[in-house]
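To start, the structure under review is shown below, and the notes come after it.
The values are calculated or read from the model by the stated rules, or taken from the named source; none is laboratory data. This structure is a prediction, so every number in the text was calculated from the model and none was measured. Ideal geometry is used to build each Cβ from the backbone, glycine not excepted, and the neighbour counts take in all protein chains shown. Just so you know, the surface numbers come from the protein's heavy atoms only, side chains and all, with ligands and any DNA or RNA stripped out. Shrake-Rupley method; radii C 1.70, N 1.55, O 1.52, S 1.80 Å.
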Amino acid sequence: MIRRLAASSSVAVLALALAACGSDASDASDDGETTLHVAAAASLTDAFEEIATDFEATHEGVTVDLQFAGSSDLATQIEGGAQLDVFASADQANMDKVEDAVDDPQVFATNVLTIVTEPGNPQKITGLEDLADPDLAVVVCAEQVPCGAATKTLTEQEDVTLDPASEESKVTDVLTKVSTGEADAGLVYVTDATGAGDDVEAVRTEGADKVVNRYPIGALTDAASPDVAADFVDHLLGPQGQKVLQDKGFGAP
Amino acid sequence: MRPPGWLWVPAAGAVLVVVVPLLGLLTSVDAGRLWPLLTSDASVDALLLSLRTALAATVLCLLLGAPLAILLARGRWPGQSVLRALVLVPLVLPPVVGGLALLTTFGRRGLIGEHLVAAGITISYTTTAVVLAQTFVALPFLVLSLEGAVRGLDPRQEEAAATLGASPWRRLTRVTLPLVGPGLLSGSVLAFARALGEFGATLTFAGSAQGRTRTLPLEIYLQRETDQDAAIALSLVLVVLATVIVGAVYARTTKGAR
């Protein structure tokens with residue numbers, strides 16, 4: 001009972017905060033203007049910004065409002081009743097948390113891990129076994145976050161035991177530690193390595209293609225603009241959306 | 001002297017701002033799971049590491065900060081006010097900025113860290129990095145409390161000791177320090193409590209490895225990704241610890257002031 005009270009009061013606070021930000025929940029207004037609220041995993045930032053621009057160009061009167069955060073943060077917001085239209089998660093586990101609130105989620109992209117090192121690979125790292133060297137500062141994601149769960153699966157599959165210098169809560173933190181030279185190597189998604197360009201060097205990682213992380217997307221059951229939300233999902237699964245995703249390093253579903 | 005009665009109205013508001021969120025945390029604790037969550041390896045490791053590092057940071061703050069506080073309160077030297085402002089900067093810095101400052105100084109590519117690495121000393125990813133981060137943020141609390149206490153002293157006692165021929169060192173250890181005992185204690189406890197709650201600088205600078213650099217605040221941050229109940233249970237420990245520590249000392253110092 002107390003828990004429910006606490007939950008409903010936090011929803012009220014959230015609603016107040018949303019109202020204060022001026023984002024109107026009933027966005028399908030009379031003049032034909034629609035704002036589509038899309039919540040997406042932080043790793044999708046670059047791709048979704050491009051896709052949203054494409055989508056707006058083909059849908060007159062539609063503005064896509066993107067918000068990016070960790071998938072678990074977004075799932076918590078949806079559980080708390082945040083008014084959204086579309087949710088794109090970085091893994092199945094966080095989509096499962098909100099299965100009652102999302103309509104028939106579909107996988108729209110995949111991602112695999114890769115080793116990254118500093119440019120030029122000064123430590124001459126050639127594979128996962130090299131990362132087990134205790135003299136190297138290796139940084140990975142913590143098991144509790146999706147990239148860390150994938151790291152665990154990969155190292156178990158390849159029978160390698162790592163002794164990481166640090167387990168980060170965000171894949172971007174792993175990337176930063178490698179690109180700034182604070183770590184000798186790290187495990188990140190291929191898309192992170194692609195996005196970082198020349199700041200890091202990706203090393204071919206044996207067995208990584210067998211540990212595939214799947215990104216599901218779905219329209220919310222109580223979306224304010226269900227038709228536009230469904231269109232957005234279709235656009236993402238269609239050729240135009242898929243091309244953008246693949247340019248950013250994502251694999252096909 | 002009695003303060004005007006209407007002060008109770010805004011004061012009650014202030015209490016509500018602090019107490020209601022803590023109450024919210026308390027009501028969402030899952031009592032049935034509390035014990036197993038708190039006694040898991042990861043939680044115990046994080047708690048012990050936090051206590052150990054916060055204690056080390058407090059000792060460092062005392063050794064380095066107490067002399068500085070006394071010099072700031074009693075000395076007359078050029079650049080004194082600039083230095084005081086600089087020492088207080090960590091109080092107002094966003095935690096991540098503190099972490100970046102430490103990283104660019106003591107990191108493997110940092111100003112000093114680079115030379116340390118060449119000498120075979122790496123600070124990044126070690127418990128030392130955690131203590132350094134905690135000392136950085138906690139030091140101002142000790143300096144500020146102690147400086148205030150020393151300034152509040154009646155200088156005549158020290159002057160009397162001087163006229164009786166006591167050396168500066170003897171005056172400091174036999175007269176000044178005993179008189180500022182309560183200020184020293186409350187400053188240390190505040191520094192300890194601040195070190196215990198340190199998060200941003202540790203995450204940015206020291207990383208997060210169980211038993212080595214993952215303190216209680218970092219464990220809470222990580223647990224929240226998968227299990228909010230576990231994060232709340234651990235938060236409760238931190239809140240109780242902070243309340244007991246700060247409460248115990250303030251009860252003593254305010255009693256002493258009466």
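Below are the figures for this structure:
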quantity: Test set (1) part of a helix (DSSP H, G or I); (2) more than 14 Å from chain A (Cβ to nearest Cβ); (3) at pLDDT below 95 - B:VAL131 fails condition number; calculated: (3)
quantity: Residue in the stretch B:17-26 that is farther than 29 Å from B:ALA206 by Cβ, modelled with pLDDT of 95 or more and over 25 Å from the mean Cα position of the chain (by Cα) present; calculated: no
quantity: Number of positions in the stretch A:195-253 that are at positive phi, touching a helix residue (DSSP H, G or I) at 6+ places or on another chain (Cβ under 8 Å) and not in a loop (DSSP other than H, G, I, E, B); calculated: 0
quantity: Top-ranked residue of the stretch B:201-226 - restricted to ones that are part of a helix (DSSP H, G or I) and open to solvent by less than 10 Å² (accessible area, probe 1.4 Å), ranked as nearest to the other protein chains (Cβ to nearest Cβ); calculated: B:LEU222
quantity: All positions within the stretch B:227-242 that are at the interface with chain A (Cβ under 8 Å from one of its Cβ atoms) and either touching a Leu at 6+ places or on another chain (Cβ under 7 Å) or closer than 14 Å to A:GLU168 by Cα (or both); calculated: none
quantity: Residue list for the stretch A:152-188, restricted to those being open to solvent by less than 10 Å² (accessible area, probe 1.4 Å) and outside any loop (DSSP other than H, G, I, E, B); calculated: A:LEU154, A:SER166, A:GLU168, A:VAL174, A:VAL178, A:ALA185, A:GLY186, A:LEU187, A:VAL188
quantity: Unmet requirement for A:ALA42, which otherwise passes all of (1) closer than 20 Å to A:ALA196 by Cα; (2) open to solvent by less than 10 Å² (accessible area, probe 1.4 Å); (3) within 14 Å of another protein chain (Cβ to nearest Cβ); calculated: (2)
quantity: Scan of the stretch B:28-39 for residues that are open to solvent by less than 50 Å² (accessible area, probe 1.4 Å) and without any contact (Cβ under 8 Å) to a residue 12 or more places away in the chain, ordered by number; calculated: none
quantity: Qualifying residue in the stretch B:122-135 (condition: free of Cβ contacts under 8 Å to residues at least 12 places away in the same chain, more than 24 Å from B:PHE192 (Cβ to Cβ) and open to solvent by 40 Å² or more (accessible area, probe 1.4 Å)); calculated: no
quantity: Positions within the stretch A:122-139 being acidic (Asp, Glu), open to solvent by 70 Å² or more (accessible area, probe 1.4 Å) and away from chain B (no Cβ under 14 Å), in sequence order; calculated: A:GLU129
quantity: Any hit, the stretch A:110-121, residues being on the phi > 0 side of the Ramachandran plot, in contact (Cβ under 8 Å) with a residue 40 or more places away in the chain and away from every other protein chain (no Cβ under 14 Å); calculated: yes
quantity: The lone exception for B:ALA195 - which of (1) over 26 Å from B:ARG52 (Cα atoms); (2) open to solvent by less than 30 Å² (accessible area, probe 1.4 Å) it fails; calculated: (1)
quantity: Boolean, B:THR173 is open to solvent by 30 Å² or more (accessible area, probe 1.4 Å), out of contact with any Pro (no Cβ under 7 Å at 6 or more places or on another chain), assigned to a helix (DSSP H, G or I) and among the hydroxyl-bearing types (Ser, Thr, Tyr); calculated: yes
